[in-house]
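A.B. asks: Below: one structure in structure tokens.
The values are calculated or read from the model by the stated rules, or taken from the named source; none is laboratory data. Owing to the predicted nature of the structure, the values given are computational and were not obtained by experimental measurement. Every residue, glycine as well, gets a Cβ built from its backbone with ideal geometry; the counts of neighbours run over all protein chains shown.
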Amino acid sequence: MNGTIVTVFVVIFALITVMGFVAARWRAGDMDLLHEWGLGGRRFGTFVAWFLIGGDLYTAYTFIAVPALMFGAGAIGFFAVPYTIIIYPLLYLVFPRLWSVAKKHGYVTVSEFVGGRYRNRWLTLAIAATGLLATMPYIALQLVGIQVVIGAMGLSGDLPILIAFVILAAFTYTSGLRAPAMIAFVKDGLIYLVVIVAIFAIPAQLGGWGAVFAKIPAAKLLLAAPKGASVGAYGAYATLAFGSAAALFFYPHAITGILSSQSRQVVRRNAALLPAYSLILGLLALFGFLAIAKGVGTLPGDVAGFKTFGPNFAVPALILASFPSWFAGVAFAAIAVGALVPAAVMSIAAANLFTRDIYRPFFAPDCPPAAEAQVAKIVSLVVKLGALAFVLFLPFKYAIQLQFLGGIWISQTVPSILIGLYTRALNGWALLVGWAAGMAVGSWMVAALHFAGTVYPLHLFGVLVPGYAAVWALATNLVVSVVLSVVFNLLASDRDRDETVPADYFT
Amino acid sequence: MSEYHAGGGRNWSWARLVLLVPFVLALDVPLYNRVNPVFLGFPFFYWFQLLLVLVGAVAIALVLLVEG
């Protein structure tokens, strides 16, 4: 255990904790109302939204999991860059419509929109339950990130992660979305600082970027070119990028970030401004290569860390080997806080979902607003416990597999939401069957891979196409939804059941 | 309904086709899976995709300017 690292880390963490509680009074609202607790009162402007959405989307996935994949598997891990390129045209085109219709009808969650659009309580339930399910492995990934950093500081046992967990739970409970919004400023500031220092300082220690890339084995430097009748790694790379991008903004926490914006214009501007974070993500991915060039894993101090955390230990080991203790403390705090912000937004989003779309319609239709907010606060705690279960019971080598798994599930909500934002042509029951088919195909593929991976090789017209299971599942879902919609709408159309009108999508 | 264009809604413009550029290039893996030309020590695979992040942001900013 290194006293300086731990001291710096604890001081920054204490500061964050105070901020988390003080945040309740920032632009104060009535915390007994769900849209105040769970959406910050829908009043974040371009500047705050940039920090909040950026802090919410770029998570331990970015700081730990992607570099770990680069470190262990090489170029394939860089798929996260095209992934975060293609999400923003999607954000610009689609999500101002969701913002408008949600504002007009007071929707706090995306499944409420589906509920209003299709007036089919079972479809609404399916969309909400999927959001809850998919969020848990994603929160779990954040907990892994915090765990790795705590381990790197030489602290053992479950007590440190438990303390971090309690702090997170407590300020989420009292301050709602305002807490991560406020902490996001510190988080992003720390991350930008660490990344910018590291991309200059570490290559300088190693003789420049050219020398770094020269130390990467050929098999890791580029994707393997396809051989024979197979699209090989190209298929995996492109489908991982496309499938992850198709999924991202449909996650409850991403939607919560978008809906907390003050206007649709804030959403549109941020589609052009948020790519700044993607540059940081790309540079962070290259930390995996810096770690290879630095020789981490072969250094004597690293053995225990890699034994416990596998490749996920690459970034912490690189930081320990490259920086003085005080700066390592800052970097570790950046990673831990970077995981805490999205974990808070995710648990708030999941709580909103449960309360609005499961608790109220199915258990307490006459629930008063204050009781509704109270249920949400309690559920935000329960969801985090669910995430802990994922950490303990699903032993993935790469933490990123947790996010891939969530992506397979959440992308099954895409047809109902995305197509629903443009047209009411599809039938609610057909979408429900399509959803079930997609969930079944995606989950079956992951099970067939023994939960060790999410890239499933399919034989298509004589060509072997290894692809992200989310894409195969989504394709199944779309085909079933469209075909059955034609049939069902001929038999008994449900198209007149819609509480929205076209103008709602533009206001 | 007159304030909405038939194509999709208010503000829709042909400028949106620009958004296809980063989208298509980002998914065209064989195009960039190569080492040369190297730039500042970065193999093409890496600097091209990082550059594409900027291209994507500029494309969206352009559409935003046109559509207001």
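A.B. asks: Does A:V463 fit the bill of being surrounded by fewer than 24 Cβ atoms within 10 Å (Cβ to Cβ), at pLDDT below 90 and touching a Phe, Trp or Tyr at 6+ places or on another chain (Cβ under 7 Å)?
C.D. replies: no
A.B. asks: Considering the range A:148-188 alone, what residues qualify as being among the charged types (D, E, K, R) and more than 30 Å from A:D302 (Cα to Cα)?
C.D. replies: A:R178
A.B. asks: Scan the range A:177-185 and give yes if some residue there is within 14 Å of chain B (Cβ to nearest Cβ) and either assigned to a helix (DSSP H, G or I) or touching a residue at least 12 places away in the same chain (Cβ under 8 Å) (or both), otherwise no.
C.D. replies: No, the conditions are met nowhere in the range A:177-185.
A.B. asks: To continue, here is another question. Out of the helices (runs of 4 or more DSSP H) lying entirely within chain B, which hold 1 or more residues that are modelled with pLDDT under 95 and more than 27 Å from A:Y277 (Cβ to Cβ)?
C.D. replies: B:29-32
A.B. asks: I would also like to ask the following. Pairs needed: first member in the range B:34-60, within 19 Å of A:F213 (Cβ to Cβ) and more than 7 Å from every other protein chain (Cβ to nearest Cβ); second member anywhere, among the charged types (D, E, K, R) and surrounded by fewer than 21 Cβ atoms within 10 Å (Cβ to Cβ); C-beta distance under 7 Å; at least 6 residues apart or different chains.
C.D. replies: From residues that are within 19 Å of A:F213 (Cβ to Cβ) and more than 7 Å from every other protein chain (Cβ to nearest Cβ), the pairs are B:F44/B:R34.
A.B. asks: If you go through the range A:420-447, how many residues are under 26 Å from the mean Cα position of the chain (by Cα), more than 20 Å from A:L133 (Cα to Cα) and of a type in the set (A, V, I, L, M)?
C.D. replies: Residues in the range A:420-447 being under 26 Å from the mean Cα position of the chain (by Cα), more than 20 Å from A:L133 (Cα to Cα) and of a type in the set (A, V, I, L, M): 1 in total.
A.B. asks: Being more than 27 Å from the chain's Cα centre (by Cα) and under 17 Å from A:M439 (Cα atoms) is the filter here, so list the residues in the range A:481-507 that pass it.
C.D. replies: Once the filter is applied, which keeps residues that are more than 27 Å from the chain's Cα centre (by Cα) and under 17 Å from A:M439 (Cα atoms), the range A:481-507 yields A:V482, A:L484.
A.B. asks: Determine which member of the set A:A204, A:A219, A:A245 is farther than 28 Å from B:V29 by Cα and in a helix (DSSP H, G or I).
C.D. replies: Result of the check over A:A204, A:A219, A:A245: A:A204.
A.B. asks: I've got another one for you. For the range A:59-168, give me every one of the helices (runs of 4 or more DSSP H) that falls completely inside it and has 1 or more residues that are at positive phi, touching a strand residue (DSSP E or B) at 6+ places or on another chain (Cβ under 6 Å) and touching a residue at least 24 places away in the same chain (Cβ under 8 Å).
C.D. replies: none
A.B. asks: For the range A:130-152, indicate whether the set of residues that are within 17 Å of the chain's Cα centre (by Cα) and at pLDDT 90 or above is non-empty.
C.D. replies: Checked against the condition, which is being within 17 Å of the chain's Cα centre (by Cα) and at pLDDT 90 or above, the range A:130-152 yields at least one hit.
A.B. asks: Follow-up. Applying the selection to the range A:11-34, what residues are of a type in the set (G, A, S) and assigned to a helix (DSSP H, G or I)?
C.D. replies: A:A14, A:G20, A:A23, A:A24
A.B. asks: So, one more: Has the range A:267-289 got at least one residue that is at pLDDT below 90 and among the basic types (K, R)?
C.D. replies: Within the range A:267-289 (the criterion being at pLDDT below 90 and among the basic types (K, R)), the answer is no, since none of the residues qualifies.
A.B. asks: Scan A:L432, A:L405 and give me the residue that is touching a residue at least 40 places away in the same chain (Cβ under 8 Å), outside any loop (DSSP other than H, G, I, E, B) and farther than 29 Å from A:L69 by Cα.
C.D. replies: A:L432
A.B. asks: Given the structure, is A:F47 among the aromatic types (F, W, Y), at negative phi and crowded, with 19+ Cβ neighbours inside 10 Å?
C.D. replies: It is false that A:F47 is among the aromatic types (F, W, Y), at negative phi and crowded, with 19+ Cβ neighbours inside 10 Å.
A.B. asks: Separate question: Scan the range A:325-337 and tell me whether some residue there is touching a His at 6+ places or on another chain (Cβ under 7 Å) and either buried (at least 24 other Cβ atoms within 10 Å of the Cβ) or over 20 Å from A:T17 (Cβ atoms) (or both).
C.D. replies: No, the range A:325-337 contains no residue that is touching a His at 6+ places or on another chain (Cβ under 7 Å) and either buried (at least 24 other Cβ atoms within 10 Å of the Cβ) or over 20 Å from A:T17 (Cβ atoms) (or both).
A.B. asks: If A:T174 satisfies every condition in (1) surrounded by fewer than 20 Cβ atoms within 10 Å (Cβ to Cβ); (2) at pLDDT 85 or above; (3) of a type in the set (S, T, N, Q) but one, which is the exception?
C.D. replies: Of everything listed in (1) surrounded by fewer than 20 Cβ atoms within 10 Å (Cβ to Cβ); (2) at pLDDT 85 or above; (3) of a type in the set (S, T, N, Q), A:T174 misses just condition (2).
A.B. asks: Something else: Since A:I16 meets every condition but one in (1) within 17 Å of the chain's Cα centre (by Cα); (2) away from chain B (no Cβ under 14 Å), which condition does it not meet?
C.D. replies: Among (1) within 17 Å of the chain's Cα centre (by Cα); (2) away from chain B (no Cβ under 14 Å), A:I16 violates only (1).
A.B. asks: Just name the residue that is nearest to A:A376 (Cα to Cα) out of those in the range A:40-50 that are at pLDDT 80 or above and part of a helix (DSSP H, G or I).
C.D. replies: Selected residue: A:R42.
A.B. asks: So A:T62 passes all but one of these: (1) surrounded by fewer than 24 Cβ atoms within 10 Å (Cβ to Cβ); (2) of a type in the set (V, I, T); (3) within 14 Å of chain B (Cβ to nearest Cβ). Which condition number does it fail?
C.D. replies: It is condition (1) that A:T62 fails.
A.B. asks: Also, quick follow-up: Out of A:D188, A:D158, which single residue is acidic (D, E) and more than 18 Å from the chain's Cα centre (by Cα)?
C.D. replies: Unique residue meeting the criteria: A:D158.
A.B. asks: Within the range A:289-303, does at least one residue satisfy the condition of being closer than 25 Å to B:Q49 by Cα, surrounded by 24 or more Cβ atoms within 10 Å (Cβ to Cβ) and more than 12 Å from every other protein chain (Cβ to nearest Cβ)?
C.D. replies: Checked the range A:289-303: at least one residue is closer than 25 Å to B:Q49 by Cα, surrounded by 24 or more Cβ atoms within 10 Å (Cβ to Cβ) and more than 12 Å from every other protein chain (Cβ to nearest Cβ).
A.B. asks: I would also like to ask the following. Please go through the range B:17-33 and pick out each residue that is surrounded by 14 or more Cβ atoms within 10 Å (Cβ to Cβ), more than 7 Å from every other protein chain (Cβ to nearest Cβ) and more than 13 Å from the chain's Cα centre (by Cα).
C.D. replies: If the condition is that a residue be surrounded by 14 or more Cβ atoms within 10 Å (Cβ to Cβ), more than 7 Å from every other protein chain (Cβ to nearest Cβ) and more than 13 Å from the chain's Cα centre (by Cα), then B:Y32 is the only one that fits.
A.B. asks: Exactly one condition in (1) free of Cβ contacts under 8 Å to residues at least 40 places away in the same chain; (2) away from chain B (no Cβ under 12 Å); (3) among the aromatic types (F, W, Y) is not met by A:W209; state its number.
C.D. replies: So the condition that A:W209 fails would be (2).
A.B. asks: Just for the range A:455-478: of the residues that are hydrophobic (A, V, I, L, M, F, W, C) and without any contact (Cβ under 8 Å) to a residue 40 or more places away in the chain, which one is farthest from A:G434 (Cα to Cα)?
C.D. replies: A:F461
A.B. asks: Further, regarding this structure: Among the candidates A:A425, A:A447, A:A437, A:A387, which residue alone is at pLDDT 95 or above and either of a type outside the set (D, E) or surrounded by 19 or more Cβ atoms within 10 Å (Cβ to Cβ) (or both)?
C.D. replies: Being at pLDDT 95 or above and either of a type outside the set (D, E) or surrounded by 19 or more Cβ atoms within 10 Å (Cβ to Cβ) (or both) holds for just one of A:A425, A:A447, A:A437, A:A387, which is A:A437.
A.B. asks: For the range A:248-277, how many residues meet the condition of being assigned to a helix (DSSP H, G or I), touching a Gly at 6+ places or on another chain (Cβ under 8 Å) and of a type in the set (G, A, S)?
C.D. replies: Matching residues across the range A:248-277 total 1.
A.B. asks: Out of the residues in the range A:243-271 that are more than 15 Å from the chain's Cα centre (by Cα) and of a type in the set (V, I, T), state the one that is surrounded by the most Cβ atoms within 10 Å (Cβ to Cβ).
C.D. replies: So, considering only residues that are more than 15 Å from the chain's Cα centre (by Cα) and of a type in the set (V, I, T), the one surrounded by the most Cβ atoms within 10 Å (Cβ to Cβ) is A:V267.
A.B. asks: Additional query: Residue under question is A:L274, and the condition is that it be at the interface with chain B (Cβ under 9 Å from one of its Cβ atoms), crowded, with 21+ Cβ neighbours inside 10 Å and not aromatic (F, W, Y); does it hold?
C.D. replies: Answer is yes for this residue.
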